[in-house]
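**Q** Next up is a structure, given as structure tokens.
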Amino acid sequence: MAQENKLKTGPRESVNYPVQVVYCGNCTMPIEYCEYYPEYEKCKQWLEKNLPREFEKVKIGDGSDSPAGDEEKKRQKRGGKGIIKTKKKEEGPKQVCVSRAPRGKKKSVTVVTGLSTFEIDLKVAAKFFGQRFACGSSVTGEDEIVIQGDVKDDLFDVIPEKWPEIDEDLIEDLGDQKR
Amino acid sequence: MFKKFDEKESISGVLQLKSSVQKSIRSKILESYPFLDTYLEVVLPKKDAFKIVKCHDHIEIIVNSAGEQQFFRHREGQWMPTLRLLHKYPFFLPMQQVDKGAIRFVLSGANIMCPGLTSPGAQMTEVPKDTIVAIMAEGKDHALAIGKTTLSTEDIAKVNKGIGVENCHYLNDGLWQMKPIK
Ligand SMILES: [Zn+2]
């Protein structure tokens, strides 16, 4: 029986490993589980945009024997609510802030925050700044990089050049931090 | 296990492993999952330097040199694969299939109850108590959780109430959402 085969342990001869599973860009689960995600509509939008062929299948599946209806019957027999949490939302809008902070009497450093709202790896970014400006640069907080030098004005050109998704308008100048 | 896990708060440290420790972990994993066999060389290459991420609540996670989470364990328990790894090599864990109605509960982190494993839409592979298993679902191709049986499958069928499999890791829990560790 095909059903029995499905659960068999051990590699299948007809399959090449590793298996490439298609994950949803919205809920991150394999797309077959999107229907259980609280924001299923957003998953569908993602599917329509990125995997139109799969989206067509979903539309067909939405017919009479939809899993939701099926489940409604079974649900009543079970206790608990089975609430699936949505992913935590990214805090606040996507924005990078730059400011100048004094260091000693004459020197200043530049503080960059908000890069992680663009899903940028901070360590990689810190290294890039260090190389670009030939100075020390390190990750100093959850979403903070300190560049040892006054390079604030240059950042408005350098950041959009390196990460095109960050428009110059999305970089906020916080000016000089007081001591 | 990872219901309240948060990668920002729950990680206490990252350790580079000595090659001798690495070797013993590899052999332990192979012992637990003989079907991994030649694939282990791809999953955890001998020459690769992997790391252990120590987390709160006695959880440890093995990360390969690319930063991907591969296996995890609780206290000194058995190493269990992450779902992302299992999706690539789905054959090395015994599979237990829950019915459609149980899916939403499993995805919310609930343990797997016996009736969800014995109803018409469900199906079990015979295993003893305390076995690490993949939780599959009726009508779906990929695992949605990884668990540990609290009863043998024989007893699950016989008792048919209460918890049958402890839900250790499921889609969209804290481990699933963890970013690669650099
Ligand atoms: Zn989705």
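Just so you know, all these numbers are worked out from the coordinates, no wet-lab data involved. Here the structure is a predicted model, which means the values were calculated and not measured. Glycine also receives a Cβ, built like all others from the backbone with ideal geometry; neighbour counts cover every protein chain displayed.
**Q** Kindly indicate the residue of the range A:157-179 that is in contact (Cβ under 8 Å) with a residue 40 or more places away in the chain and part of a helix (DSSP H, G or I) and also nearest to A:G130 (Cα to Cα) among those meeting that condition.
**A** Among those that are in contact (Cβ under 8 Å) with a residue 40 or more places away in the chain and part of a helix (DSSP H, G or I), it is A:I159.
**Q** How about the range B:31-49: which of its residues are in contact with a helix residue (DSSP H, G or I) (Cβ under 8 Å, 6 or more places away or on another chain) and surrounded by fewer than 20 Cβ atoms within 10 Å (Cβ to Cβ)?
**A** Across the range B:31-49, the qualifying residues are B:D37, B:L40, B:K46, B:A49.
**Q** Strands (runs of 3 or more DSSP E) wholly in the range B:89-166 with at least 2 residues that are more than 12 Å from chain A (Cβ to nearest Cβ) - which ones?
**A** In the range B:89-166, B:145-149 are the strands (runs of 3 or more DSSP E) which contain 2 or more residues that are more than 12 Å from chain A (Cβ to nearest Cβ).
**Q** For the range A:34-48, which residues satisfy the criterion of being within 11 Å of another protein chain (Cβ to nearest Cβ) and either within 7 Å of the ligand (Cβ to nearest atom) or crowded, with 23+ Cβ neighbours inside 10 Å (or both)?
**A** A:C34, A:Y36, A:Y37
**Q** Let me ask another. Taking B:P81, is it within 14 Å of chain A (Cβ to nearest Cβ) and either surrounded by 16 or more Cβ atoms within 10 Å (Cβ to Cβ) or in contact with a Leu (Cβ under 9 Å, 6 or more places away or on another chain) (or both)?
**A** Yes; evaluated as a whole, the condition is true for this residue.
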